[in-house]
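K.L.:
I have a structure here, written as structure tokens, and I will follow up with some questions on it.
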Amino acid sequence: MTRVLPVLTVVLAILAIWYAGAVWMNAQWTRDQAARAGQEVTFPDILRDTMVQDRPVLPAPHQVVAELWNSTVVEELTSRRGIVQSGTLSNRSLIYHGWITLSATLLGFLIGSGLGIVLAVGIVHNRAMDLSVMPWAIASQTIPILAIAPMIIVVLNSVGVTGLLPKAIISAYLSFFPVVVGMVKGLRAPDHMQLDLMKTYNASRAQVFAKLRLPSSMPYLFASLKVAIAASLVGAIVGELPTGAVAGLGARLLAGSYYGQTVQIWAALIAAAVLAGLMVGLIGLIQRQALRRMGMAR
Amino acid sequence: MAPPVIEAHALGLTFQTNDGPVHALKDVNLTIGKGEFVSFIGPSGCGKTTFLRAVAALEHPTEGTLTVNGMTPDAARQARAYGYVFQAAGLYPWRTIAGNIRLPLEIMGFDRAEQAARVERVLELVELEGFGNKFPWQLSGGMQQRASIARALAFDADILLMDEPFGALDEIVRDHLNEQLLQLWARTGKTIGFVTHSIPEAVYLSTKIVVMSPRPGRITDVIESPLPRERPLDIRDTPQFIEVAHRVREGLRAGHGHD
Amino acid sequence: MAPPVIEAHALGLTFQTNDGPVHALKDVNLTIGKGEFVSFIGPSGCGKTTFLRAVAALEHPTEGTLTVNGMTPDAARQARAYGYVFQAAGLYPWRTIAGNIRLPLEIMGFDRAEQAARVERVLELVELEGFGNKFPWQLSGGMQQRASIARALAFDADILLMDEPFGALDEIVRDHLNEQLLQLWARTGKTIGFVTHSIPEAVYLSTKIVVMSPRPGRITDVIESPLPRERPLDIRDTPQFIEVAHRVREGLRAGHGHD
Amino acid sequence: MLVARLAALRVQGSLGRALRLAAPLIFGLTLLWLWEAIVTGAAVPRVILPAPSAIAERFAASTSILWVDFVQTFVKGALSGYAMGCGAATLLAILIDRSPFLTRGLLPVGNFVAALPIIGIAPILVMWFGFDWQSKAAVVAVMVFFPVLVNTVEGLRAADPMQRDLMHTYSASYWQALWKLRLPAAMPFIFNGLKIATTLALIGAIVAEFFGSPIRGMGFRISTEVGRLRLDMVWAEIAVAAAAGSAFYGIVAAIERRVTFWHPSQRGRG
Amino acid sequence: ADDFTLQLKWVTQAQFAGYYVALENGFYEEEDLNVTIRPGGPDIAPPQVLAGGGADVIVEWMPAALAAREAGLPLVNVAQPFKSSGMMLTCLADTGITGPEDFPGRTLGVWFFGNEYPFLSWMSTLGIPTEGGPDGVEVLRQGFNVDPLLQRQADCISTMTYNEYWQVIDAGIAEEDLITFKYEDQGVATLEDGLYVLEDRLSDPEFEDRLVRFVRASMRGWKWAEENPEDAAMIVLDYDDTGAQTEQHQIRMMTEVAKLTAGSDGTLDLEDYERTVATLLGGGSDPVISAEPEGAYTLDITEQALAD
Ligand SMILES: Nc1ncnc2c1ncn2[C@@H]1O[C@H](COP(=O)(O)OP(=O)(O)OP(=O)(O)O)[C@@H](O)[C@H]1O
Ligand SMILES: Nc1ncnc2c1ncn2[C@@H]1O[C@H](COP(=O)(O)OP(=O)(O)OP(=O)(O)O)[C@@H](O)[C@H]1O
Ligand SMILES: Cc1ncc(C[n+]2csc(CCO)c2C)c(N)n1
Ligand SMILES: [Mg+2]
Ligand SMILES: [Mg+2]
């Protein structure tokens, strides 16, 4: 209860603000419509209308929930393409699109955080890498991927790499950087005495790494991983656009956007946020376990 | 006399800080033979820790020469010539006490069974049986210090460098550990460098007492102890002992500048 | 007698750890009057630090009652009733030594000029003149400890709780600081709780010596010192002093279980 | 390799600083040279990847456009969004830290905001805040929010127990403890967040322009010129972005070095 | 079967119905072709995909194709299924705009990414600067939807007769509340949605053969789609993997598209071509193309395709 109550409170507060925002932002449209039709509107009219608009500026939460429900459960259970009738996930359901995005995200996250850790280890252990890699890692992040993503995909396609991998590469491209920054800091976090102790044992670099640097980088690593998995998701979604945006939450968002379907955009957005929340939460869980085993959780 | 294990010639070490250089050591000459037990005593800030760290190749002298076992300190470190007990316990917070003690053993490649046996033995030596599974922050200050001593004793280095190892211990445990250390030393013939603030402790343990004074850190007196190697605790009441202690106190006082 | 400043009744404190509860304090009864100088002595791990921390409201007793100035420890803390010197120096690495000492003064809202004056004064008291601009890691262990003592002395709390403040200091500085502390105490009438491992120090400083023993941590003896309040350093050679010291040693030994 | 050799030299003083600049430069020049060689050698169509020399030429010819775009996107969009996002995240982190109730309530919810994908929010924010830089700043603010939040929350937990106990004995108020202990101790973490956020800010500002913009700005230019197959101009913009982003990062890192000089990761790295 | 890849200019929708119909109904198969259709998107430049070897043939607008040709990518028009332009500028009537003379001082939404050429030509024909100012128009880069109009961030936006216009209507704005300017009516229409290939590949008879078969099947698809708009829309819907399209909208789009493809058998009408080139060359200081293009089209392919 002590865990649920605060979350519940915050969620309720957000919902309240959301509803208020929906009324406030959608009211203009209601008034415009009435003005075009030459009618008077009262506040209750506005209240009623702003909750049910087809193309609201800000859809009301229940509209989004309804859309989420329709595009997951209802779609899968009852539609012609749903899993019940066709045996495969419907390409109109958020479950299908979420899965496409999730798989690219996870693959990208694995590649990205792995690469990030490897680079950080290199930077901490090798002066040449310290001097030359970091500035370019930074520069790489300042290149707007959405601009080069299509080129990456064109190039990868022309060498025969298609499917999940191009998206995962873009997602890795975004996620490796937070890991590098955090890990470099973390691997350098041991204090002098802790390092000196290792020196007196004449520990090899590998040993210093495994027994000192790695454990003391854990808090930094986990903070970075949380940021990285979120970045991976963004990367996967961005990567979905230039593949012709045919599947995945990114495609859903974009398609919703072409046709001005705000409710659909918000539903996909919420789905993406839920995915992100779950993944960040999962990393938090692993973090708590790891730190507890390391005696760091007090 | 045995061949020198540690030899310092005109040793100097200067730290550069934000407001000017600090001469932590200046013109230090000292020879320590194999099997000697040398104590360093002196006011705080006189360079005791710095000297020990230089021997351990944790600091690099800015002047003079320093050899350990006839090699540079770095080479000696690479040969794993010594165990070091730091002034602060410096246990790794993510390892249990046993894990901390096991650390050097893992690094030096002892096998599992041997590791466990040694951890068991040194825990007993410092009277921490039963605390192996606790984390450092669950121990009192003195217990942490003992754990760090145990860690340095766990592998058998020929040279032991100990920086105020018994500072946070009460008299009784201290006496006990003093005796244990003497026994260990007699049994193994290790060379020991030992920083302490207790004059009786220095006299009781050492074959040689180095008195230092600060600003700049230098050696003001080196006292060879006339006491026999075999030392029961009550040797501390003999006139010989009191005589040496007196000399040390005088040396200290001179370095201090207080009346 | 003065009204009690610290009063413990049947105090108990148990830590829950990954492998079972640790009884750090059990059935502790103690009354400390205003202006008393009380030393705590006992083997490591007997609960001295824990008791001091409980008084400072840094730990919360699991049994019994504890009052400070007739209030709960928490209320006393909020009234800023005491200064605390930790067993480890615990200086903030991003502040210079002077900055560390200034910290409590800033928090308690002293004005600028007053802050500077006080920093100056306590730096002198602990003989760290000229080190105000250094950062903690640029100081030796003993100097750090003195800086942390200066930090606790900088604001004038009525109660001083000191956890082995002089552990890392040599005899001469220690004697000097002992004298200073006694003078301060005589001048200001502070109530002082003082953890030490040195029997002579405890006897020299205290009006009351509390001997503790571990597992579970409890009080085994409370010795009221018959020594006069005025104590020159050579009081340590009087038979009265040696008598008290002997009693403390006996008490310690009994709690220890060693021969 | 040369870089390794250079780095192996004991680096000291101003020579050291020169070397620190030289190493990445040499590395970069090598990359550029490889790029030029491959593009000309393998006759890669210039609508796919132009040669560095062509990019440089275009750059020199278009400085005024590049400047206008830079001001629109970086100065107006990215910087203001960065300031707002980082500020808001720090404040929320403190709020979260202040109240255990909020820690348990807001943090899990905050995680959801984490990955509100830019593709999703950019059109919405353009709809809400208009076409000009304000909507870009809003996108940037949302993008940088999470990394800064996570790192700050983590950092505020980083003060060690004894350091906290000291504040306790002073009966320091929450704000005093925050100001004098928690925030300084959190700085290494906060700067992690701030550094990551610098690069995100630029990406955010550029990408947001893909979803509607006035007819200036780096994102506008990039996507328009891709459509016109003038890839040399695209890369000239990318070069500006990379230079601006690196400089931005460098400035934040320099501030970090000054603020967290005491942290082991900075100490002893002159 | 021979592999053949088509890159579309935009996402899967009835605008490209002919190709999907040909695929679904097996017209390509009958020509012994194994066709892959790649949907486009907001940052896919079909000419770039073509240059990168990602496609054999692309759907592109002629202004962009000619501009690309000038930029050094030799695109050649091989077929022109769309006879007329579907582009228009849609304004809210209550802004008071009644004709092009009211444009100065207004904010207009325009698609960029190579789609701005028709607009820029039109403006330079009208002599209205596009850099803002009292005599010029304020140009907004319009996103992928009609929000700028609905939110009143722009006075007019670009729309296609078959798509965005109806989105505005669907959003609840009545037709009489809108003023539209069709590029066709303004005399500045340029050719849209032609099929383009790289020039050097045409010299490969093998490729030419495949292309002929592809065009033949595609045109069959288009004609079928014109006759069966509803079925065509359903086919398109089936190929839409995003699941974002609605039946109603696609059927209406198909109906509108059919009006644009009507009158073309795939052969490029040289008159239309000349008019497009003239529009792009004409007027203003910054024409889209600076010289009369040469070899920018070939009639060979359609000739062969329609031979029997
Ligand atoms: N946070 C904690 N968690 C669990 N056990 C603890 C904790 N702190 C102290 N203890 C245990 O409580 C007991 C008393 O510890 P305390 O620190 O009070 O000893 P002490 O008398 O100060 O010893 P020393 O002289 O060595 O400092 C010890 O057995 C210790 O292991
Ligand atoms: N890293 C450093 N940077 C600058 N000065 C230093 C550094 N380490 C030590 N010093 C200075 O060197 C001098 C000697 O320090 P050292 O630690 O050797 O003293 P010590 O004899 O061990 O004292 P203590 O008994 O207090 O531990 C001191 O004045 C100290 O301030
Ligand atoms: C980034 C971008 N913006 C606009 C268009 C213009 N466009 C050309 S065809 C088409 C579909 C009409 O429903 C649209 C919108 C584009 N291709 N890419
Ligand atoms: Mg020292
Ligand atoms: Mg203690």
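K.L.:
Given C-alpha coordinates of region D:192-270, what is the ratio Rg to Rh with the Kirkwood estimate of Rh? Working shown, then result.
P.N.:
Details: Rg = 16.6 Å, Rh = 14.3 Å.
Result for region D:192-270 is an Rg/Rh of 1.16.
K.L.:
Another question, then. Under 4 °C and 1.567 mPa s, how fast does chain A diffuse according to Stokes-Einstein, given a Kirkwood radius computed over C-alpha pairs? Answer in µm²/s, whole number. Each step should come with its number before you reach the end.
P.N.:
On the way: Rh = 22.4 Å.
Rounded, D is 58 µm²/s.
K.L.:
Bin by bin, in steps of 10 Å, what percent of the Cα pairs in region E:144-244 do you find, going until the bin that has the longest distance?
P.N.:
11, 26, 31, 22, 8, 1
K.L.:
Give me the 1.4 Å probe accessible area per residue for chain B, excluding ligands and nucleic acids, in Å².
P.N.:
Roughly 38 Å² per residue, with all protein chains present.
K.L.:
Summed for both chains, how many Å² of accessible area, to the nearest 100, are buried between D and A with a 1.4 Å probe?
P.N.:
5600
K.L.:
Decide, for region E:250-308, between rounded, prolate and oblate: order the square roots of the alpha carbon gyration tensor eigenvalues as a ≥ b ≥ c, take rounded if a/c falls under 1.5, and otherwise choose prolate if a/b is larger than b/c, else oblate.
P.N.:
oblate
K.L.:
Computing the accessible area with a 1.4 Å probe over protein heavy atoms, can you report the carbon and sulfur percentage for chain C? Working shown, then result.
P.N.:
Details: 4960 of 9760 Å².
C and S fraction of accessible area: 51 percent.
K.L.:
Probe radius 1.4 Å, ligands and nucleic acids ignored: give me the carbon and sulfur share of the accessible area of chain D as a rounded percent.
P.N.:
Result for chain D: 70 percent of the exposed heavy-atom area is carbon or sulfur.
K.L.:
A further question follows. From the helices alone, meaning DSSP H stretches of at least four residues, give me the mean residue ellipticity at 222 nm for chain A, per-run term -39500 (n - 2.57), in deg cm²/dmol to the nearest 500.
P.N.:
Value at 222 nm, helices only, nearest 500: -25500 deg cm²/dmol.
K.L.:
May I pose another question? I want to check the label-to-label distance for E:Ala1 and E:Asp209. Put each point 7 Å from Cα in the C-beta direction and report it in nm to one decimal.
P.N.:
Between E:Ala1 and E:Asp209, the label points sit 1.8 nm apart.
K.L.:
Please list A:Trp69, D:Trp235, D:Trp128 in order of solvent-accessible area, largest first, computed with a 1.4 Å probe with all protein chains present.
P.N.:
Result of the area sort, largest leading: A:Trp69, D:Trp128, D:Trp235.
K.L.:
Would you kindly work out, in nm and rounded to one decimal, the distances from the label point of C:Trp137 to those of the same position in each other copy, ordered shortest first, with label points 7 Å along Cα-to-Cβ?
P.N.:
Shortest to longest, the spacings are 2.1 nm.
K.L.:
Please enumerate, by chain and number, the aspartates and glutamates with C-alpha under 12 Å from the C-alpha of A:Lys167, excluding those fewer than 8 residues away in the same chain.
P.N.:
A:Glu240
K.L.:
Can you list, shortest first and in nm, the gaps between the label point of B:Asp237 and those of its counterparts in the other copies, using a point 7 Å from Cα in the C-beta direction?
P.N.:
Copy-to-copy label distances at B:Asp237, shortest first: 1.9 nm.
K.L.:
Per residue of A:124-137, what is the mean number of Cβ atoms on other protein chains within 10 angstrom of that residue's Cβ?
P.N.:
Neighbouring Cβ atoms belonging to other protein chains average 6 per residue here.
K.L.:
Within 10 Å, count the other beta carbons around each residue, average over each peptide in A:108-118, A:261-271, A:172-182, D:39-49, and list them highest first.
P.N.:
The packing order, highest mean first, is A:172-182, A:261-271, A:108-118, D:39-49.
K.L.:
Quick check: Cα centre of region E:120-160 to Cα centre of region C:47-120, how many Å?
P.N.:
Cα centroid of region E:120-160 versus Cα centroid of region C:47-120: 68 Å apart.
K.L.:
Roughly how many Å is it from the Cα centre of region D:160-237 to that of region E:212-246, as a whole number?
P.N.:
Comparing the Cα centres of region D:160-237 and region E:212-246, I get a distance of 47 Å.
K.L.:
I need to check one value: relative contact order of chain E, counting alpha carbon pairs closer than 8 Å and at least 6 residues apart, in percent.
P.N.:
Relative contact order here is 30 percent.
K.L.:
Sticking with this one: How long are the semi-axes of the equivalent ellipsoid of region A:80-201, taking √(5λ) for every eigenvalue λ of the Cα gyration tensor, in whole Å from largest down?
P.N.:
Over the Cα atoms of region A:80-201, the ellipsoid semi-axes are 39, 19, 11 Å.
K.L.:
Distances over 59 Å make up what percent of all Cα-Cα pairs in the protein assembly as shown?
P.N.:
34
K.L.:
Excluding A:Thr142 itself, calculate the net charge of residues whose Cβ lies under 13 Å from the Cβ of A:Thr142, where each Lys or Arg counts +1 and each Asp or Glu counts -1. Each step should come with its number before you reach the end.
P.N.:
Values: positive: D:Lys195; negative: D:Glu237.
So the surrounding residues net to 0.
K.L.:
Can you give the accessible area of C:Phe194, probe radius 1.4 Å, in Å² rounded to 10?
P.N.:
For C:Phe194, solvent-accessible area is about 0 Å².
K.L.:
For chain E, with every protein chain kept in place, what is the accessible area per residue (1.4 Å probe, Å²)?
P.N.:
On a per-residue basis, 34 Å².
K.L.:
Checking understanding here: applying a Kyte-Doolittle mean of at least 0.0 and a length along the axis of at least 15 Å (C-alpha), which whole DSSP H helices in chain B pass?
P.N.:
The answer, listed by residue number, is B:97-107.
K.L.:
Shifting gears a bit: Just to be sure I understand the interface: list residues from region D:28-53 that lose 30 Å² or more of accessible area between the chain on its own and the complete protein assembly, 1.4 Å probe.
P.N.:
D:Arg46, D:Val47, D:Ile48
K.L.:
Something else now. Taking only the Cα atoms of region D:50-266, how large is their convex hull per residue, in Å³?
P.N.:
Once divided by residue count, the hull of region D:50-266 is 129 Å³.
K.L.:
Taking one equal scatterer on every alpha-carbon of region A:28-82, how large is log10 of I(q)/I(0) by Debye at q = 0.18, 0.19, 0.25 1/Å?
P.N.:
Taken in order of the listed q values, log10 I(q)/I(0) reads -0.67, -0.70, -0.93.
K.L.:
Using a probe radius of 1.4 Å on heavy atoms only, what accessible surface per residue do you get for region D:50-266? Whole Å² is fine.
P.N.:
In whole numbers, region D:50-266 has 31 Å² accessible per residue.
K.L.:
Under a Cβ-Cβ cut-off of 11 Å, what is the net charge of the residues other than E:Pro47 that fall near it, where Lys and Arg count +1 and Asp and Glu count -1? If you can, show how the numbers build up before the last one.
P.N.:
On the way: positive: D:Arg228, E:Lys9, E:Arg69; negative: E:Glu60.
Once positives and negatives cancel, what remains is +2.
K.L.:
B:Gln78 label points, 7 Å along Cα→Cβ, one per copy: pairwise distances from this copy to the rest in nm, shortest first?
P.N.:
6.3
K.L.:
Another question, if that's okay. Report the E-D buried area as the accessible area lost on both sides summed, probe 1.4 Å, in Å² to the nearest 100.
P.N.:
Buried area between the two chains comes out at roughly 2100 Å².
K.L.:
Rounded to two decimal places and with Rh computed the Kirkwood way over Cα pairs, what is Rg over Rh for region A:232-288? Working shown, then result.
P.N.:
Working: Rg = 13.0 Å, Rh = 12.0 Å.
Taking Rh as the inverse mean 1/r over Cα pairs, Rg/Rh reads 1.09.
K.L.:
How many Cβ atoms of partner chains, on average, are near each residue of C:41-52 if near means within 10 Å of its Cβ?
P.N.:
Per residue, the average neighbour count from other chains is 4.
K.L.:
Quick one: if you take sqrt(5λ) for each eigenvalue of the C-alpha gyration tensor of chain B, what semi-axes come out, biggest first, whole angstrom?
P.N.:
Numbers: eigenvalues 163, 102, 67 Å².
Semi-axes from the Cα gyration tensor: 29, 23, 18 Å.
K.L.:
Out of region D:185-270, which trypsin sites (Lys or Arg not before Pro) are coil in DSSP terms and have no more than 15 other C-beta atoms within 10 Å?
P.N.:
D:Arg269
K.L.:
Over region B:151-259, how many percent of alpha carbon pairs lie in each 5 Å bin up to the one with the longest distance?
P.N.:
2, 10, 22, 23, 21, 13, 7, 2, 0
K.L.:
Using 26 Å as the Cα-Cα cut-off, could you pick out the over-long pairs in C:Lys134/D:Lys180; C:Lys26/C:Lys208; B:Lys134/B:Lys190; A:Lys185/A:Lys226; B:Lys26/B:Lys190; A:Lys211/B:Lys48?
P.N.:
Over 26 Å apart, Cα to Cα: B:Lys134/B:Lys190; B:Lys26/B:Lys190; A:Lys211/B:Lys48.
K.L.:
What figure, in Å² to the nearest 10, do you get for the accessible area of E:Asp265 with a 1.4 Å probe and non-protein molecules left out?
P.N.:
80
K.L.:
How many partner chain Cβ atoms sit within 10 Å of a residue's Cβ in peptide D:192-199, on average, as a whole number?
P.N.:
Mean shielding by partner chains, rounded to a whole number: 6.
K.L.:
Using Cβ-Cβ distances only, list the Cys residues of the protein assembly as shown with no partner cysteine under 4.7 Å, sorted by number.
P.N.:
B:Cys46, C:Cys46, D:Cys86
K.L.:
Chain pair C, B: how much accessible area is buried, both chains summed, with a 1.4 Å probe, in Å² to 100?
P.N.:
3000
K.L.:
Same structure, new question: Report Rg/Rh for region E:74-173, rounded to two decimals, where Rg is the Cα radius of gyration and Rh the Kirkwood radius.
P.N.:
0.99
K.L.:
Alpha carbon centre of region B:133-165 versus region B:184-205: separation in Å?
P.N.:
Each part's Cα centre sits 16 Å from the other's.
The values are calculated or read from the model by the stated rules, or taken from the named source; none is laboratory data. No experiment lies behind these values; they were computed from the predicted model shown. Reconstructed Cβ throughout: ideal geometry from the backbone, glycine too, with neighbour counts over all protein chains shown. We work out accessible area using only protein heavy atoms, side chains counted, and drop any ligands, DNA or RNA first. Shrake-Rupley method; radii C 1.70, N 1.55, O 1.52, S 1.80 Å.
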